[in-house]
Structures are given as C-alpha cells and as structure tokens.
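Here's the structure, in structure tokens; my notes come after.
Please treat every number below as a calculation from the coordinates, not as lab data. Everything numeric here is computed off the predicted structure, so don't read it as measured data. Here the Cβ positions follow ideal geometry from the backbone for every residue, glycine too, while neighbour counts run over all protein chains shown.
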Ligand code: AMP
Ligand code: MG
C-alpha cells in the first residue's frame, strides 16, 4: 500500500488537506495524526472492519481495547451510559486535554473496539488537527498510539513513518507533539476514580476537582508482579521498548553517574555499542560520543517530551546497551518512570 504523507500546519489548518484525511476515515481507512500526547493511528471506532485494521497494522493483541476520540460532549452521551457525576466533572475540567475516561459503553460501541469489554475509553483531544479531524469527519475516531505494538510511542511524524509507512493510508505530519506521553487513564465507573495509567494529568490535579482518587495497585509496583493484573489490559504488555537492552540506575546522583560510567566502559570494552541517557545537569560527566540528554531536571515536562524520542534515537544509532538515570517518582515523574520501567522490562539497578 502507498502511504500518503501530508503536512498540516496546526495554526493554519488547510481544509482541503484535512478533507482528504476525512475521506479516508469515511471509507474505513487508517490515518495517523498528531495529538497533544503522542501520534494516534485513527479509524472509525464504530466500524468493526476499520478498527480491525488498526490491530493488524500495529500487531496489537486483540484484547487490548482502543480509546475513542470525540470533539463534543454529545458524543460522550452517545457512546457511554450511566456516567457518574464525578466522571462528568472530570471531563468538564480537563477536556479537551490529555485525560481518558473509562465508562460503561452504550449499544453503539462495538466490542471489537473495546476488546470485548462492557466499558469504553473516551477522550477529547485538544490538538487542533486531532480536534478538527474529529469535528469535520463527524466520526468517533478510535486511535491507539501510531507505533508498532511494543515500540516507543511516536512523538513526531518521522517516528510514524518508521513504523507505519506502506501499511496505512495516510500520515498527517503536524510537527512534534507537545506532551510526549500518552493520556492519563481514569476509570470512573465505580464509587471512586481510579488511575489506570499515569500521565500528564497528575493525581493532585484530579483530586483538586473531585476529591479522593486512587491508583490501580498494579501500576505502582516497581517490580513486575504477575499476581496483580492491571485494570487497563494494555498495561500488562511489555511496551515502549528500544531495540537495545535498557537498564535504569537509581540512587544519589554521584553514585548513579559512577555506576553508569562503569557499566558503559565494561560493555564498550566487550565490543558493544552503548548509549547513555543523561540530563542537562549531568551530560558533562559522561563520554561525549555515547551520551544524549533527555531534558532538564528543572522542568520535568522536557523529560516527558524527550523520553520516547531518545529511545528511538538510540535505536537509530544501533545501541545494544542503553543506561539511563532514573527520575523522581511523583507527579509527572510517576508517568515518566512508569514508561521507563516498562521500556526497561523493569530492569532497575539500585546503587
Ligand atoms: P494506547 O491508545 O495505545 O495508548 O492504549 C490505550 C490504553 O487504554 C491501553 O492500555 C488499554 O488497555 C486502555 N483501555 C482502553 N479501553 C479500556 C477499557 N475499556 N478499560 C480499561 N482500559 C482500557
Ligand atoms: Mg500505545
């Protein structure tokens, strides 16, 4: 298949370009597009044939449900039922934005989109291209991240091209995304909101709107624990993994730098290609030719934005072993560490 790649400026959306994407969605095809979190791989969420194509393009297990993207609150009422009062409050507070809500699904939503579940994941994105694509098409767009299953999520069109060129109908290049980590997922079907996946919207931000919020216990563990099953089916899979073997070093800064340098020297002497993930604050302490900075510790937003890109960049370099510093494990840092731990297959060295 030939993949059409088009560029759209999110500040001045070209209507003709956008309508060519709309056409593809109407015909049951696949369009990758930018959102404020990561690039999504979109199809008509109410068309089982179309969402099947998403699973095969990504190589995604069929029990891993899709998030449906909407552009107005009417859609929320159509796709879901029995929305809790606090669920509505969260939607009103954070939409459009990087928050996904799990709700009971209506008859309208096919089980092929929800992986057989009676619940559905819904989000209203704020990125102008995503928002306009949904609005103009009138389609409820099912869209997981536009990467091959298990690979780091795409934060720019080049990443989508790497994974999806020749496999999907269209890729909309809208530049680099803003946040760089997937949405926060909150289950709002019970008495208390439960975070199933940490993201840019932190527990503190949620609690300011609705009071007490809990975490799905399975996502807090720093160890892989086969006994606790995460409530979001996708969270049980190995994910975000670079091709090289990634190890996280945790401890005080000096010890971490020392340990990473030792590990890197050892692997280099054995003849392997090595990469080091540092920060603006620590990059100077590592050998220049193998280190990259992910962002600054003074602003975790930069680290979130850099995470998936740096993993893909080390793939391009052919790094066989990658060593990374670790990050604070609260607020946004929690989402960063959640992704990093999965990318490392929970391989963490305490020093
Ligand atoms: P992705 O779109 O690739 O970022 O993945 C979507 C995430 O949402 C996966 O981890 C899914 O397991 C999760 N998800 C989607 N629908 C549901 C649902 N109905 N209940 C729980 N988790 C869901
Ligand atoms: Mg994904």
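By the gyration tensor of its Cα atoms, with a ≥ b ≥ c the square roots of the eigenvalues, what is the shape of the stretch 130-216: rounded for a/c under 1.5, prolate for a/b over b/c, or oblate?
Numbers: a/c = 2.40, a/b = 1.91, b/c = 1.25.
The shape class here is prolate.
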Scattering from the C-alpha atoms of the stretch 166-277 alone, worked out with Debye: what is log10 I(q)/I(0) at q = 0.17, 0.18, 0.19 1/Å?
-> -1.07, -1.10, -1.12
So, in Å, what gap is there between the alpha-carbon centers of the stretch 255-289 and the stretch 142-185?
-> 29 Å
Summing -39500 (n - 2.57) over every DSSP H run of at least 4 in the chain, dividing by its residue total and rounding to the nearest 500, the 222 nm mean residue ellipticity is -10000 deg cm²/dmol
Give the distance, in whole Å, between the Cα centre of the stretch 1-57 and the Cα centre of the stretch 67-127.
-> 20 Å
Rounded to the nearest 10 degrees, what's the angle between the helix 253-269 long axis and the longest principal axis of the chain, both from Cα atoms, 0 to 90?
-> 80 degrees
Pairs of Cα atoms under 8 Å, at least six residues apart: use those to get the relative contact order of the stretch 195-338, whole percent.
-> 30 percent
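Determine, for 159, 12, 239, the number of other Cβ atoms within 10 Å of each Cβ, and report the residues in order from fewest to most. Each step should come with its number before you reach the end.
Working: 159 24, 12 7, 239 21.
The most exposed by this proxy come first: 12, 239, 159.
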If one takes the longest principal axis of the Cα atoms in the chain, at what angle in degrees, from 0 to 90 and to the nearest 10, does the Cα axis of helix 85-94 lie?
-> 70 degrees
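Where both partners of a DSSP beta bridge lie in the chain, what percent of those bridges are antiparallel, to the nearest 5?
On the way: 20 of 50 bridges.
In the chain, approximately 40 percent of DSSP beta bridges are antiparallel ones.
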Specify the angular offset, from 0 to 90 degrees and rounded to the nearest 10, of the alpha carbon long axis of helix 300-317 from the longest principal axis of the alpha carbons in the chain.
-> 70 degrees
Whole-number D in µm²/s for the chain (Stokes-Einstein; Kirkwood sum over Cα pairs; 10 °C, 1.306 mPa s) | 77 µm²/s
